[in-house]
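A quick write-up on the structure given underneath.
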Amino acid sequence: MAVAAALSTTSFLSVTAGAAHAVAATEFSVPIPDVMPSGLAKGPHGSVWFTENAGGIGQVSASGKVIEYAVPDNSKNLKALPSGMANGSDGSIWFTDMSQAIPRVGKVDPATGKSTMFELPTSGALNFAWSSVNSITPGANGTMWFSGINSGAIGKIDAGGNVTLYAAGGYPTSVVTGKDGAIWYPDAQGSIGRLDPATGAVKKFDVPGSAQGSPAFTDIINGPDGKIWFSESGVSRLGSVDPATGEVSQHNLAIADTKPTGLVAGPDGKIWFAEAAASNIATIDPATGAVTEYPLPSTLSAPRSVMLGPGGKLWYSAPGRGRIGSFDLANPPTGAAHGATPPLTMGSNPASAPGWANRCQVGEICQTQIVTGGEMKIGNFVQKLPAGSIRVTGGINDLSDMSNIPMNPPVIGNTLESKELEVPGGLIGQLPLVGPILGQSPAALWAVNKLTVTQSLAAPAVAYFTSTGGLGARLSLNLKLNNPLLGDSCVIGPVNASLEPEMTAGGMTSDPAVGWNAGPVSIKAPVAVPSAKGCGPFGLLNGVIDQLMGLPSDKSKNMMSLNGIFSMAGGTNPSNDHMLSAKSSTLSPALQKLLFKKPKANALPKAPKTVKLHLTARH
């Protein structure tokens, strides 16, 4: 697939968080923020490339234009969940697909945006079954190394699809090629691993207290001091291990529960990193352990990845706001650092969250669904639904009846937010009998021809668990036809719809470094549609609309066909006040289980063990 969507104008803004933060970063917004831009890599001609956890991949051109590209479906006809991204030693751009159904790694051609994908094995002595492949890093001779959460394996691939798999002796959360030629990785069981590619031998270095955090680790890099540096995200620490001596050092951060992720060694000799739960970018001085924090323009940005990129700037992804940003290392943002969002457990389970999570109260699961395309068909009438035209948001905190779960209205905004949509052809194109009935000439009608449709809720929304274990929503909708000749009360409704999202990627994103779940969905909802009412003077046009659309009509004749993104996160708003407050979350164990599903257990292969394979390229 080539370009899926391109912004027609330059989509960038220098934004600030108010008077406290005088120096701005430059941020570039993707069209639908719910896609969660995450991994980063450098492209040709000053471009920056990124993955979208619940979308595809994209680039920000040197001029600031954002372009998105689709990733080919896998062999099960499921969509991708792109995650980690990195440049090869030759400048190529590679990324991972953390689909648990068909884990993949891919390579993108920056000239066309087309991707070549390699499907990883899900059976055999070493495999990536039920693993979220989330990390990739360059190796020697154009090879790329990758790892997957819960896999117990690390892989190496070349451009031709030749793969060598290694037993990790643990659960790697990310990988980096050390200056000693070894592959270093954090093991979620509480240590840093060193894999010798020549022998497959693994050596472990214990990191005290790291396993108490959730997640234990996220990222790992080569530090400017010759040490291997890593993030202990769950306990909000950074650590290092000296390859020469095996000595492990740990450094607490200034603000608790900030969830450090995304590390990069800067030209200033410091390590730059993201604080995902506090929306800061920070540095640590390896020599002194001193930490300095720089606030991003918006809270709930949830920065995930950082890299040194075009213009000598530090670039970062902000999946919480759907943005890619950058600033000058010599002139970083100023002002007081942001505090952390409410953690699930203070000191061990920080909570990075997206901007829309502040629409729901602390103690709720905040769920939102946004349309990325589709249509509503009523008889012969078809209304196209463009991207972003409908969003449904609500909080869930009562699971006592799984078939009838109250969806609490958001404290900011409305449960249903629907854009006014223009009907092609206008009033005359849809209702040619209006003129004769009202005694209007065609010329007079053209002046008031514009016809639009808006949607609103006729009753509170209700959630429920579907027969397949997914989370559905029951909506009662009023469709209002807007035109001066139809009056102010021309309504079709209520239209009762049961929306049951089908996960078109086979599941949702599951990167602990991000902290919330999202995935592309498809919805097919047959709906019964009642007669129109309140149309025209004294309802004179009710019958015309009914005749045109064949109303009333049963479910067999009408269909809502929607594509979208379904997301869930813990609510972050402590009250009807729009401000955040850093306090512990009150998510019940049942709600935490709904939000953080435990991965299927894999048998842990013992090192040393290697397997060589050749994977077929798929386009």
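Within the range 541-565, the set of residues being farther than 30 Å from G55 by Cα and of a type in the set (A, V, I, L, M) comprises L541, V544, I545, L548, M549, L551. Checking A80 against (1) part of a strand (DSSP E or B); (2) closer than 24 Å to G139 by Cβ, which single condition isn't satisfied? (1) is the only condition that A80 fails.
Set side by side, the residues R304, R323 differ, and just one is under 24 Å from T258 (Cα atoms), of a type in the set (D, E, K, R) and touching a helix residue (DSSP H, G or I) at 6+ places or on another chain (Cβ under 8 Å), which is R323.
Yes/no matrix, rows are residues, columns are (1) under 17 Å from N222 (Cβ atoms); (2) part of a loop (DSSP other than H, G, I, E, B); (3) not aromatic (F, W, Y):
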| site | (1), (2), (3) |
| --- | --- |
| G262 | yes, no, yes |
| G269 | yes, yes, yes |
| A287 | yes, yes, yes |
| T292 | no, no, yes |
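Residue pairs whose Cβ atoms lie under 7 Å apart, sitting 6 or more positions apart in sequence or on different chains, and linking a residue in the range 300-320 that is in a strand (DSSP E or B) and surrounded by fewer than 24 Cβ atoms within 10 Å (Cβ to Cβ) to a partner that is among the acidic types (D, E) and at pLDDT 95 or above, are K313/D328. Report whether or not D34 is surrounded by fewer than 21 Cβ atoms within 10 Å (Cβ to Cβ) and either touching a Cys at 6+ places or on another chain (Cβ under 6 Å) or not in a strand (DSSP E or B) (or both). Taking the combined requirement at face value, the residue does not satisfy it. In a residue-by-residue description of the range 135-156, the property of being under 22 Å from the mean Cα position of the chain (by Cα), among the aliphatic types (A, V, I, L, M) and closer than 19 Å to Q59 by Cβ applies to at least one position.
How many residues are outside any loop (DSSP other than H, G, I, E, B), within 17 Å of G262 (Cα to Cα) and not hydroxyl-bearing (S, T, Y) when one looks only at the range 164-196? Summing the residues that are outside any loop (DSSP other than H, G, I, E, B), within 17 Å of G262 (Cα to Cα) and not hydroxyl-bearing (S, T, Y) in the range 164-196 gives 6.
Cβ-Cβ distances below 7 Å connect the following pairs, each with a first residue in the range 243-257 that is in contact (Cβ under 8 Å) with a residue 12 or more places away in the chain, a second residue that is of a type in the set (D, E, K, R) and in a loop (DSSP other than H, G, I, E, B), and a separation of six or more residues or different chains: P243/D180. Listed by first and then second residue, the pairs linking a residue in the range 388-403 that is within 15 Å of T454 (Cβ to Cβ) and without any contact (Cβ under 8 Å) to a residue 60 or more places away in the chain to a residue that is in a strand (DSSP E or B) and aliphatic (A, V, I, L, M), with Cβ atoms under 7 Å apart and 6 or more places separating them unless they lie on different chains, are S389/V371; S389/L421; R391/I370.
Output the residues belonging to the range 273-285 that are assigned to a loop (DSSP other than H, G, I, E, B) and either in contact with a helix residue (DSSP H, G or I) (Cβ under 8 Å, 6 or more places away or on another chain) or aliphatic (A, V, I, L, M) (or both).
Correct list: A276, A277, A278.
For the range 57-64, does any single residue satisfy the condition of being small (G, A, S), touching a Gly at 6+ places or on another chain (Cβ under 6 Å) and modelled with pLDDT of 95 or more? Yes, because at least one residue in the range 57-64 is small (G, A, S), touching a Gly at 6+ places or on another chain (Cβ under 6 Å) and modelled with pLDDT of 95 or more. Remark: pairs (first residue in the range 483-497, without any contact (Cβ under 8 Å) to a residue 12 or more places away in the chain and farther than 11 Å from S456 by Cα; second residue aliphatic (A, V, I, L, M) and outside any strand (DSSP E or B); Cβ separation under 9 Å; 6+ apart in sequence or on different chains) are absent.
Going through (1) under 27 Å from A182 (Cβ atoms); (2) buried (at least 18 other Cβ atoms within 10 Å of the Cβ) one by one, A140 falls short only on (2).
Yes or no, residue by residue, for (1) assigned to a loop (DSSP other than H, G, I, E, B); (2) of a type in the set (D, E, K, R); (3) more than 18 Å from the chain's Cα centre (by Cα):
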{"site": "A336", "(1), (2), (3)": "yes, no, yes"}
{"site": "A340", "(1), (2), (3)": "yes, no, yes"}
{"site": "G347", "(1), (2), (3)": "yes, no, yes"}
{"site": "A353", "(1), (2), (3)": "yes, no, no"}
{"site": "W356", "(1), (2), (3)": "no, no, no"}
{"site": "G363", "(1), (2), (3)": "yes, no, yes"}
{"site": "Q367", "(1), (2), (3)": "no, no, no"}
{"site": "I370", "(1), (2), (3)": "no, no, no"}
{"site": "E375", "(1), (2), (3)": "no, yes, yes"}
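Taking the condition free of Cβ contacts under 8 Å to residues at least 24 places away in the same chain and either touching a Cys at 6+ places or on another chain (Cβ under 8 Å) or farther than 24 Å from K480 by Cβ (or both), does N542 pass? Considered against the rule, which asks whether it is free of Cβ contacts under 8 Å to residues at least 24 places away in the same chain and either touching a Cys at 6+ places or on another chain (Cβ under 8 Å) or farther than 24 Å from K480 by Cβ (or both), N542 comes out as yes. Candidates are the residues of the range 321-346 that are over 28 Å from G58 (Cα atoms) and touching an Asp or Glu at 6+ places or on another chain (Cβ under 7 Å); the one that is surrounded by the most Cβ atoms within 10 Å (Cβ to Cβ) is A340.
Matching residues to (1) more than 30 Å from P260 (Cα to Cα); (2) within 38 Å of the chain's Cα centre (by Cα):
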site: G507; (1), (2): no, yes
site: F538; (1), (2): yes, no
site: G543; (1), (2): yes, no
site: N558; (1), (2): yes, yes
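Comparison of S231, S210, S236 shows that the only residue that is closer than 29 Å to G169 by Cβ and either surrounded by fewer than 24 Cβ atoms within 10 Å (Cβ to Cβ) or touching a residue at least 60 places away in the same chain (Cβ under 8 Å) (or both) is S236.
Only helices (runs of 4 or more DSSP H) wholly contained in the range 424-504 count here; list those with 1 or more residues that are surrounded by 15 or more Cβ atoms within 10 Å (Cβ to Cβ) and modelled with pLDDT of 65 or more.
On the way: elements: 426-430, 434-438, 442-446.
Passing ranges, in order: 426-430.
The values are calculated or read from the model by the stated rules, or taken from the named source; none is laboratory data. The structure displayed is predicted, hence computed values, not measured ones. With ideal geometry, Cβ positions are generated from the backbone for all residues, glycine too; neighbour counts draw on all protein chains shown.
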